[in-house]
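Trainee: Sharing a structure below in structure tokens format, with a few things to ask.
The values are calculated or read from the model by the stated rules, or taken from the named source; none is laboratory data. What you are looking at is a predicted structure, and each value in this text was computed from that prediction instead of being measured. Backbone-built Cβ (ideal geometry, glycine too); neighbour counts: all protein chains shown.
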Amino acid sequence: DQQVKQNSPSLSVQEGRISILNCDYTNSMFDYFLWYKKYPAEGPTFLISISSIKDKNEDGRFTVFLNKSAKHLSLHIVPSQPGDSAVYFCAASAGSNFGNEKLTFGTGTRLTIIP
Amino acid sequence: DAGITQSPRHKVTETGTPVTLRCHQTENHRYMYWYRQDPGHGLRLIHYSYGVKDTDKGEVSDGYSVSRSKTEDFLLTLESATSSQTSVYFCAISGSSGGYEQYFGPGTRLTVT
């Protein structure tokens, strides 16, 4: 049972436009959400996160939106740049104990930015 | 970047042989994790450790064992490798950032023939 779902395996966006990556979850106990970016032959790198007490978190070109009632989050990248081409993973945590939380990952969305 | 190394980076082995992958960190983080990444499955947790000699199972632990005798090292052993264990294996650490973020190593590509 996939508790974190990324239903779009791939997405292509023109350079300079907005990229929107989506993620849905089913476990109501999830209270912290993260996005990771992964280039080929490298490990995933942490991008941005959001706590369930917020509905938006922004860091430069990256903004994550959380809709708890819909169990949906999205990552917006504005403006999109060629270096943003990568696989993006959504992840969720259900714990309240600092630092030992197991993350549940989605299957990833491959973002391609077209010059 | 977090100081995490994995060895070997690539390995080809035969079915039925034991294999040990090593994760080494220089960050003194308490928590360490092993994941596998497969197409269509994302990242799945195999085992994790919350301290020296303290480990627990993850989502896909069958066929794997782990050991952590020092804070900096977390070993993953495939007791008898099978073709279904062909995958990319990632180690991750967490514990000091103030959030739930995990930081990943570069990965080990394992092929079981």
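Trainee: Residues of the range B:36-58 being at the interface with chain A (Cβ under 8 Å from one of its Cβ atoms) and either in contact with a strand residue (DSSP E or B) (Cβ under 7 Å, 6 or more places away or on another chain) or of a type in the set (D, E, K, R) (or both), which ones?
Mentor: Across the range B:36-58, the qualifying residues are B:GLY42, B:LEU43, B:ARG44, B:LEU45, B:TYR48, B:TYR50, B:GLY58.
Trainee: Among the residues of the range A:85-95, are any over 14 Å from A:ILE20 (Cβ atoms), within 11 Å of chain B (Cβ to nearest Cβ) and either in a loop (DSSP other than H, G, I, E, B) or without any contact (Cβ under 8 Å) to a residue 12 or more places away in the chain (or both)?
Mentor: Yes: the range A:85-95 contains one or more residues that are over 14 Å from A:ILE20 (Cβ atoms), within 11 Å of chain B (Cβ to nearest Cβ) and either in a loop (DSSP other than H, G, I, E, B) or without any contact (Cβ under 8 Å) to a residue 12 or more places away in the chain (or both).
Trainee: Also: Restricting the range A:32-44 to residues that are of a type in the set (Ser, Thr, Tyr) and more than 7 Å from every other protein chain (Cβ to nearest Cβ), which is farthest from A:ALA91 (Cα to Cα)?
Mentor: A:TYR39
Trainee: Within the group A:GLY60, A:GLY83, which residue is more than 12 Å from the chain's Cα centre (by Cα) and on the phi > 0 side of the Ramachandran plot?
Mentor: A:GLY60
Trainee: Just checking, which of B:GLY63, B:GLY42 is free of Cβ contacts under 8 Å to residues at least 12 places away in the same chain and either buried (at least 17 other Cβ atoms within 10 Å of the Cβ) or more than 26 Å from A:CYS90 (Cβ to Cβ) (or both)?
Mentor: Answer to the selection: B:GLY42.
Trainee: Now for a different question. Can you spot a residue in the range B:57-68 that is polar (S, T, N, Q) and closer than 17 Å to A:TYR36 by Cβ?
Mentor: No, the range B:57-68 contains no residue that is polar (S, T, N, Q) and closer than 17 Å to A:TYR36 by Cβ.
Trainee: Select from the range B:82-113 the residues that are at pLDDT 95 or above, under 15 Å from the mean Cα position of the chain (by Cα) and not in a strand (DSSP E or B) and write down the one among them that is farthest from the other protein chains (Cβ to nearest Cβ).
Mentor: B:GLN85
Trainee: Just need a number here: residues in the range A:1-31 that are more than 13 Å from chain B (Cβ to nearest Cβ), among the β-branched types (Val, Ile, Thr) and either touching an Asp or Glu at 6+ places or on another chain (Cβ under 9 Å) or more than 15 Å from A:LEU73 (Cβ to Cβ) (or both).
Mentor: 3
Trainee: Kindly evaluate B:SER61 against the criterion of being over 30 Å from A:LYS5 (Cβ atoms) and more than 10 Å from every other protein chain (Cβ to nearest Cβ).
Mentor: Here the answer is no, as B:SER61 does not meet what is asked.
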